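Single-structure report; data block below.
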Amino acid sequence: MAASRLVRALATGLCSAALLAPPAARSIETIRLRLPLLETDFLIRVSELRSPAALLAGDSDLAELDRATNGVIGQKLKAVLQSNLPLELKAVLLNANGSPLLEQVLLLVGALGDIDDLPEPIEPAQFHRALELAAAKGGISLLDVLENLPGESVTVELGRLGYSLQRFRAQRRQAEQLIAALPAVSSNGPWLEAGRFTSARRELKIDVAHRPEPLAVVIWESSASATTATTPTAATTATDRLVVISHGLWDDPRNFEGWAGHLASHGYTVVLPRHPGSDQSQQRAMLSGKQPPPKPAELALRPKDVSAVIDAAAQGQLNLRRPVNTKAVLVAGHSWGATTALQLAGARPTASRMEQLCEDLRHPWRNLSWVLQCNFVGSADSAALADPRVVAAVAVSPPMRLLFDIDSARGMGAAVLVVSGGSDWVVPPGPEAIEPMARVISATSEGHRLVLVEGGTHFNLRSSLANGGGPLRGLILAWFSAASQAPAGSPPQLPPDGWGSSTMPLRDVTKHLPEPANQP
């Protein structure tokens, strides 16, 4: 193993070790880095990391390697471990005490290593105690935390990390196979072109009953007159339709104004609420130690935000340039915002699958999005908030496998288009899109669709105003146009072509999904 790779491996292992805080009397003195397929461990003594002299005189494997490389390994490793962490980290974690979100993070990290002879789950309060002891010395470094963790030694299993990576790759394999087997949808058509309307942007705040402060919203709306720059087909124009776009966790409406601007140019009125319990300002407050992580109650509050926007439009509180049909509303969302869109469409959250699977570290479908989904175990059963005014939804990268009762798809009143990135590691397409949608589509014939994006990650499917709607602008417009044109009681019919992307090919895989897996 090259020196730089070893340093990165050691740093990864030590970062994991720094989060493991078992109940024992002694402080950790040694770290054993266990490499896959080898019979021996790589021994590191914590005390040797404090000074060059200690490392020079040390007898650990790290000390011998450091001498063999003329001090290069020790210097690089100490630079990583002795750099101060942000001072706010202590306040952040203390505020997060008792949070299901933090507990899931520690559980995930704990899967990579063990405090020797202590197989019990890691308790967040034990990690907080280590931080308090380290903070008493001034700045907090990873080495400070490590030295104050109770226990005698820690073994970091790099083989477990390898297992996790293999599992993540497997969770993308179905998407890769479907992408390879199907032709991409053409991008030649009016859906990707700017529409014939000029548009304007503004911001305002509306009072809502379910939050103590007014709800901030961004509004994009088209003018009363049209330009003559382009002449798209009549199907792309919907001058009385309202679209509400919900952002994801710690995100912001501005990252979706490319979608909004594109829709507004085609006659749509678009409103983007800023969810105050989980937006970027909440993230900044959390990182400065002023607020805890998003509460599980936000699962129900977010769809209430969207319904409140629809209410405000119906009551004239948004001062829109033209009237909109608030009895047939279109909703889009990304990540947690996509989950919000699914709730409004009629998908019913339930805690039953979370109670069964959230502690299962070896489940083949376990992925990073389960950290967020398992945060809702105490609030899921009371978060069913379907809005009958929502007739169609676009859900981009939604975490949903644990959260939703698939049987509720039979009762969804809105047609749903789910979009998943083929290269998404955060919300991987296999467990979070392909398998759930296979169940949904086999249970109902209401016209729900699944589109996969070649090269799509969790974040490159969004669109700020600068990139003009991004790779999904044609698809979103085509789906909402189809929903606007569909006869009452009929599901939207997505056009066969013209809404693809020249940069990130799109494929409608709805009719090619595998049989649902027979597992929880």
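The values are calculated or read from the model by the stated rules, or taken from the named source; none is laboratory data. None of the values given here were measured: they were computed from a predicted structure. Don't worry about glycine lacking a Cβ; one is built from the backbone with ideal geometry, like all the others, and counts go over all protein chains shown.
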field: Search result, residues across the stretch 403-426 that are of a type in the set (A, V, I, L, M) and either within 18 Å of Arg507 (Cβ to Cβ) or part of a strand (DSSP E or B) (or both)
entry: Ala415, Val416, Leu417, Val418, Val419
- prompt: Looking at (1) closer than 17 Å to Val394 by Cα; (2) within 20 Å of the chain's Cα centre (by Cα), which is the only condition Val440 fails?
  reply: (2)
message: Any residue at all in the stretch 369-379 that's among the aromatic types (Phe, Trp, Tyr), closer than 28 Å to Pro492 by Cβ and either modelled with pLDDT of 95 or more or within 19 Å of the chain's Cα centre (by Cα) (or both)?
response: no
message: Quick test of your reading of the structure: Ala338 fulfils all but one of (1) within 20 Å of Ala483 (Cβ to Cβ); (2) at pLDDT below 95. Name the failing condition by number.
response: (2)
message: Being surrounded by 22 or more Cβ atoms within 10 Å (Cβ to Cβ) and basic (Lys, Arg) is the filter here; which residues of the stretch 475-518 pass it?
response: Arg507
message: If a residue must be in contact (Cβ under 8 Å) with a residue 40 or more places away in the chain and either assigned to a helix (DSSP H, G or I) or not assigned by TED's automatic domain parsing to the domain that holds Ala200 (or both), how many such residues does the stretch 240-263 contain?
response: 10
- request: Would you confirm whether any residue within the stretch 438-446 is surrounded by fewer than 24 Cβ atoms within 10 Å (Cβ to Cβ), β-branched (Val, Ile, Thr) and either part of a loop (DSSP other than H, G, I, E, B) or at pLDDT 95 or above (or both)?
  value: yes
query: In the stretch 455-477, how many residues are part of a loop (DSSP other than H, G, I, E, B) and either touching a residue at least 60 places away in the same chain (Cβ under 8 Å) or charged (D, E, K, R) (or both)?
result: 7
Residues of the stretch 256-288 classified as under 14 Å from Leu472 (Cβ atoms) and surrounded by fewer than 20 Cβ atoms within 10 Å (Cβ to Cβ), total: 0
- prompt: Any residue in the stretch 416-432 that is more than 16 Å from Ala175 (Cα to Cα) and in contact with a strand residue (DSSP E or B) (Cβ under 9 Å, 6 or more places away or on another chain)?
  reply: yes
